[in-house]
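Data first, discussion second: the structure below is written as structure tokens.
Bear in mind these aren't lab numbers, they're just calculated from the coordinates by the rules spelled out. Bear in mind that the values here come from a model prediction, so they are computed numbers and not experimental data. Positions of Cβ are generated from backbone atoms using ideal geometry, with glycine treated the same way; all protein chains shown enter the neighbour counts.
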Amino acid sequence: MPADSPLYLSLADRLAGLAASGSLRPGARLPSVRALSEQHGVSISTAVQAYRTLEDRGVIEARPKSGFFVRRPRALPPVPATTRPPTRPVTVEVKGIADAVLDLVGEPGYISFGAAAGAPSLYANERIRRALARSAQRHVDSLGRYATSMGVPELRQAISRRAMNMGCGLDHRNVVVTNGCTESVTLCLRAVTQPGDVIAIESPTYFGFLRAMQALGLRAVEIPMEPRRGMSLEALELALDTQQIKAVVAVPTVSNPMGSVMPTASKKRLAELLEHRGVALIEDVICNELAPTEESRRAVRSFDRSGNVMLCGSFGKTLAPGLRGVGWVEAGRWSAEVASLKRSFTGGGSSVVEWAVAELLDHGGYDQGLRQLRRHFAEQVRTARQIIGGAFPNGTRVTDPSGGFVLWVELPRSVDAIELYRRCLAQGIIVVPGPLFTTSTRYRNCLRLNAGASWTPEREAALRLVGRLATEISLEA
Ligand SMILES: Cc1ncc(COP(=O)(O)O)c(C=O)c1O
């Protein structure tokens, strides 16, 4: 819970947690407003606001003249079925509307469910500011020099130490610091492909990969995703048998947009499958540290013995979104090519920032921050699923992610997500329509919603309004 969260929201979240864990049973009577205010040492109006918030979320109900009761849980919406993308490769062309949507996702002035990030107050902003100031002070000479293109050794070492948490032993000399995970993935694609080559990707996939593939003139074959377990290995195997696939790009742990985590046995099988065929895996581990258990944080790379897995990460999801410009790649047997491509395309980053990030990873309370983020995001997502269950049209399905903070919402087929995006925009609300996550014409009735920002009454009302607008569209169809 962020430090500046209003008191009534903290109280509402605490009570919601008790209801979710079963400590407060469905149908149980809650203390009166006066008793609640006395028990928790808050004012009457704070207690009233906390109960109102829980009523709005559908966690409790007021019964006239009887008081407040824990609601019998409304069935939460079911999780979507495994996706069924087309099996033929297509040249990647990013949808026309994508630029407009992406330019807006981080704009202030909107209630945004767009950018996949937590609320600014969740991150250790003051610690980061101090680390940056200390780094500039300590390394003032470096401001007058060009950085080395591979990144400062301290950061490369810190990254290889952290990779141990994903089961990976990386030689820090092969770690290249990049301009974010997008650059890491792009460098890997450049190292292993020529224009026209076919890449297997998850479907739906993170739209940034599609942009990189379009820029490189690549073709994509989309592989079905099971919302909890990730990419279908049977479908991938079939694609590998029938097409000349140069590489696979995947987020096996806390995928975007589905939030799936591939089971450990499947991660192992994926590593073996690709090693056997000599096909590169570009593994994005940007959200691994947000997965709930040590086991689930394990990377596919930890099972690879042949240097076939190129590992890509950054710190925008775990340290602070504003540090998204610091990423890294360890490209296995393509390490030399990737280092050379890094020299060719972007030279180097900012050493002062890299030293600060190294300090934050090693000594800056990073692990404690991660534990807080995991807890907070799980609570945020639970609330979002409850609101969606109560306010979205019948027939809506929503993922139940195993970590992270984005939700993939499948609306009834009659709801056109681009029309819904436009209507939301007119109300000052940003959502990301499903077609941005595919090269195909699929997911026209889907949305990605970021639930990472803290809930306020305005945000909750905005999410309910998205549901009402979706219902309106479904009734017009
Ligand atoms: C799976 C995934 N990979 C990469 C990125 C982009 O990373 P960066 O901002 O470090 O370039 C994102 C951002 O949302 C993402 O979700």
Please list, ordered by chain and number, the residues whose modelled amide H lies under 5 Å from the amide H of Ile60; skip anything fewer than 5 residues away on the same chain.
Glu55, Arg71
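Compute, for the chain, the length of the dipole vector about the Cα centre, with Cβ point charges of +1 (Lys, Arg) and -1 (Asp, Glu) only. Units Debye, rounded to 20.
For this selection, approximately 860 debye.
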Report the relative contact order of region 7-70, percent, no decimals, based on alpha-carbon pairs under 8 angstrom and at least 6 residues apart.
41 percent
Size of electric dipole in region 124-365: Cβ of Lys, Arg +1 and of Asp, Glu -1, about Cα centre, debye, nearest 20:
540 debye
What is the Cα centroid distance between region 428-477 and region 1-68, reported in whole angstrom?
28 Å
Which aspartates and glutamates have a Cα less than 12 Å from the Cα of Lys317, not counting those fewer than 8 places away in the same chain?
Glu289
Specify the angular offset, from 0 to 90 degrees and rounded to the nearest 10, of the alpha carbon long axis of helix 181-192 from the longest principal axis of the alpha carbons in the chain.
40 degrees
Going by alpha carbons, how many degrees (0 to 90, nearest 10) lie between the helix axis of 264-277 and the longest principal axis of the chain?
30 degrees
Descending packing, highest mean Cβ count within 10 Å first, for 46-55, 89-98 is 46-55, 89-98
Return a whole-number percent for the relative contact order of the chain, with Cα pairs under 8 Å and 6 or more residues apart as the contact set.
21 percent
Sort 182-192, 14-24 for me by packing, meaning the mean count of neighbouring Cβ atoms within 10 Å per residue, highest on top.
182-192, 14-24
Principal axes of the chain: Cα extent on each, largest first, Å
74, 56, 41
Hey, got a sec? Which GluC sites (Glu not before Pro) in region 286-345 land in a DSSP loop and have at most 10 other Cβ atoms within 10 Å?
Glu294
Protection-proxy order for peptides 144-156, 300-312, each taking the mean of Cβ atoms within 10 Å per residue, highest first
300-312, 144-156
